[in-house]
Amino acid sequence: MKKNNKSAKIISIVGARPQFIKLVPLSKELRKNGFKEIIVHTGQHYDDNMSELFFKELEIPEPDYNLGIGSGSHGEQTGKMLIAIEDILLKENPDLVIIYGDTNSTLAGALASSKLHIPLAHIEAGLRSFNKNMPEEINRIVADHLSDLLFAPTETAVENLKREGIEKGVYLVGDIMFDALMHFSKIGEKKSKIIEILNLKPKEYYLATIHRAENTDNYERLKNILEALSNLDKPVVFPVHPRTRNKILEYKLDSLLKGSLVTVEPVGYLDMISLEKNAYAILTDSGGVQKEAFWLKVPCITLRAETEWVETVRYGWNRLVGADKEKILDAALNIKPGENVDFMNEYAAGKICERVGEILGGSK
Ligand code: UD1
Ligand code: UDP
């Protein structure tokens with residue numbers, strides 16, 4: 001490993017929407033501290049409003065490599081990424097690879113780096129749903145067990161790692177998405193016009209997102225959720241993830257997109273924050289959206305049986321209702337705010353960068 005951290009070469013691997021958002025604060029911090037960062041976009045997400053929009057709006061440096069892998073089965077998608085990432089790692093010979101979250105891009109990055117013995121850092125380490133039916137759970141477990149540096153967002157995440165025997169290289173640094181939210185929330189206040197465009201009254205609409213495979217790839221669950229969302233007492237703004245759009249068409253459930261549902265294309269991050277902040281409540285199966293609702297103090301109803309973000313439930317801001325139509329309706333009609341939690345601005349990206357610097361500089 002190089003002794004002078006200023007000349008260290010770091011490869012950041014991203015591929016899906018939430019990873020572009022997580023990349024922003026850390027990439028800025030790494031570059032500010034003189035690291036040479038190379039961004040690899042696997043191409044897992046490729047629609048303009050799932051990828052390009054985020055790079056433009058959030059001013060993320062153009063990826064040095066776009067692998068253009070696209071969609072496919074888990075094996076096909078991950079396998080193609082593994083081959084392509086390995087080529088880049090052999091060519092670039094980085095001092096560190098950084099992977100984010102729990103997608104197939106995370107898994108491929110973890111496998112490629114660790115097989116080549118390149119030090120690996122995992123952002124958002126230690127999250128567990130304890131449900132191996134979720135592809136994300138498998139990706140997280142493998143990524144954590146292969147990583148040398150594990151940046152955990154919460155105490156719970158640190159405990160989860162400890163339970164699996166991982167203590168070395170674990171740093172509790174706070175949540176990088178909190179940095180992103182705080183930064184872009186201010187910008188969004190000036191720039192986003194989505195509330196006016198959709199003619200919404202603040203706190204008089206719900207916001208909904210669905211994309212988890214367990215909900216989209218199951219006819220009954222998807223039907224129940226859409227039936228509940230279309231029967232709520234206020235408009236439900238629903239930016240439709242491409243996976244969900246495809247499944248709604250395949251299952252011929254598009255006739256349920258009526259009543260209270262207001263479907264829109266996936267929106268950019270600034271519009272999303274504005275929609276979240278002004279919502280009466282949020283219904284979602286997204287990991288990132290549950291956390292953002294918590295930090296913005298907007299009640300959340302999670303369309304899953306479990307969550308990795310247990311703090312959101314502990315403080316009363318989040319209710320887990322699964323895909324049960326009656327439970328969804330009941331939760332929405334009985335919204336209560338949670339406890340007053342004082343969120344600490346941990347400045348996660350700064351801390352991560354400091355640790356990376358110490359380690360690459362050889363002082364740890
Ligand atoms: C992926 C991640 C999930 C993450 C989510 C964030 C895995 C296993 N899943 O789920 O953890 O929460 O991203 O949004 O890595 N599609 C398009 N255009 C796109 C992208 C996807 O049409 O730009 C469609 C394709 O039909 C594709 C399907 O969506 O097959 C699913 O995409 P994929 O990236 O495999 O998984 P996500 O559901 O997006
Ligand atoms: N998001 C967005 N536009 C949308 C839906 C989500 O910008 O139309 C943002 C959201 O605010 C959060 C992130 O994308 O920051 C969450 O991504 P997603 O729900 O796709 O994945 P997950 O967090 O579940 O992995």
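For the structure I just gave you, tell me whether V158 is more than 16 Å from ligand 1 (Cβ to nearest atom) and crowded, with 20+ Cβ neighbours inside 10 Å. Even if it seems obvious, please write down each step before you answer.
On the way: more than 16 Å from ligand 1 (Cβ to nearest atom): yes; crowded, with 20+ Cβ neighbours inside 10 Å: no.
The answer is no for V158.
Applying the selection to region 264-273, what residues are in contact with a Leu (Cβ under 8 Å, 6 or more places away or on another chain) and surrounded by fewer than 16 Cβ atoms within 10 Å (Cβ to Cβ)? If you could, list the steps in order and put the result at the bottom.
In the first step, residues of region 264-273 are kept if they are in contact with a Leu (Cβ under 8 Å, 6 or more places away or on another chain); the result is 264, 267-269, 273.
Selection gives V264 alone.
Within the group G68, G34, which residue is away from ligand 1 (no atom under 11 Å from the Cβ), more than 29 Å from F178 (Cβ to Cβ) and part of a loop (DSSP other than H, G, I, E, B)?
Numbers: G34 fails: more than 29 Å from F178 (Cβ to Cβ).
Being away from ligand 1 (no atom under 11 Å from the Cβ), more than 29 Å from F178 (Cβ to Cβ) and part of a loop (DSSP other than H, G, I, E, B) holds for just one of G68, G34, which is G68.
Regarding I83, is this residue farther than 29 Å from I273 by Cβ, among the β-branched types (V, I, T) and either within 16 Å of ligand 2 (Cβ to nearest atom) or part of a loop (DSSP other than H, G, I, E, B) (or both)?
No.
Does region 203-210 contain at least one residue that is away from ligand 2 (no atom under 16 Å from the Cβ), in a loop (DSSP other than H, G, I, E, B) and touching a Phe, Trp or Tyr at 6+ places or on another chain (Cβ under 7 Å)?
The first filter runs over region 203-210 and keeps only residues away from ligand 2 (no atom under 16 Å from the Cβ), leaving 203-204.
Retained after the next criterion (residues that are in a loop (DSSP other than H, G, I, E, B)): 203-204.
Now drop any that are not touching a Phe, Trp or Tyr at 6+ places or on another chain (Cβ under 7 Å), which leaves 203-204.
Yes.
Conditions first: (1) under 25 Å from V289 (Cα atoms); (2) in contact (Cβ under 8 Å) with a residue 40 or more places away in the chain. H45 passes all but one, so which condition is the exception?
Exception for H45: condition (2).
From (1) surrounded by 19 or more Cβ atoms within 10 Å (Cβ to Cβ); (2) touching a Cys at 6+ places or on another chain (Cβ under 8 Å), pick out the condition that doesn't hold for I69.
(2) is the only condition that I69 fails.
Can you report the number of residues in region 219-261 which are crowded, with 19+ Cβ neighbours inside 10 Å, closer than 24 Å to S192 by Cβ and under 25 Å from the mean Cα position of the chain (by Cα)?
9
Checking the conditions here, which among L333, L303 is buried (at least 23 other Cβ atoms within 10 Å of the Cβ) and either touching a helix residue (DSSP H, G or I) at 6+ places or on another chain (Cβ under 6 Å) or touching a residue at least 12 places away in the same chain (Cβ under 8 Å) (or both)?
Matching residue, one of L333, L303: L303.
Working carefully through the options E52, E62, E57, find the one that is more than 15 Å from ligand 2 (Cβ to nearest atom) and of a type in the set (D, E). Explain how you work it out, then say what you get.
Values: E52 fails: more than 15 Å from ligand 2 (Cβ to nearest atom); E57 fails: more than 15 Å from ligand 2 (Cβ to nearest atom).
Selected residue: E62, the only one of E52, E62, E57 that is more than 15 Å from ligand 2 (Cβ to nearest atom) and of a type in the set (D, E).
Considering only region 254-263, state which residues are more than 16 Å from ligand 1 (Cβ to nearest atom) and out of contact with any helix residue (DSSP H, G or I) (no Cβ under 6 Å at 6 or more places or on another chain).
Hits for region 254-263 are S255, L257, K258, G259, S260, V262.
For region 263-290, which residues satisfy the criterion of being near ligand 2 (Cβ under 6 Å from one of its atoms), assigned to a helix (DSSP H, G or I) and small (G, A, S)?
Result: G287, G288.
Determine, yes or no, whether I13 is in a strand (DSSP E or B), within 16 Å of ligand 2 (Cβ to nearest atom) and either under 18 Å from the mean Cα position of the chain (by Cα) or closer than 16 Å to L120 by Cβ (or both). Before the answer, list the steps.
Working: in a strand (DSSP E or B): yes; within 16 Å of ligand 2 (Cβ to nearest atom): yes; either under 18 Å from the mean Cα position of the chain (by Cα) or closer than 16 Å to L120 by Cβ (or both): yes.
When the stated conditions are applied, I13 passes them.
Give me a count of the residues in region 94-146 that are more than 11 Å from ligand 1 (Cβ to nearest atom), surrounded by fewer than 24 Cβ atoms within 10 Å (Cβ to Cβ) and acidic (D, E).
Residues that pass the stated criteria total 1.
Looking only at region 37-56, count how many residues are crowded, with 24+ Cβ neighbours inside 10 Å and part of a loop (DSSP other than H, G, I, E, B).
Going through region 37-56 one residue at a time, the tally reaches 3.
Here are the criteria: (1) surrounded by fewer than 22 Cβ atoms within 10 Å (Cβ to Cβ); (2) more than 14 Å from ligand 2 (Cβ to nearest atom); (3) within 28 Å of G101 (Cα to Cα); (4) among the hydroxyl-bearing types (S, T, Y). Tell me which single one S185 does not satisfy.
That leaves (2) as the condition not met.
Filter region 211-233 for residues that are in a loop (DSSP other than H, G, I, E, B), over 24 Å from P18 (Cα atoms) and of a type in the set (D, E) and give the result.
D233
Could you give every pair whose Cβ atoms fall below 7 Å, whose first residue belongs to region 54-83 and is within 16 Å of I13 (Cβ to Cβ), and whose second residue is of a type in the set (D, E, K, R) and in a helix (DSSP H, G or I), counting only separations of at least 6 or pairs across chains?
As it stands, the answer is F54/R17; I69/K80, since those pairs meet every condition given.
Computed from the coordinates by the stated procedures, all read-outs in this text should not be read as laboratory data. If you're wondering where the values come from, they're calculated on a predicted model, not measured in any experiment. Because the Cβ atoms are built from the backbone with ideal geometry, glycine has one as well, and the counts that use them run over all protein chains shown.
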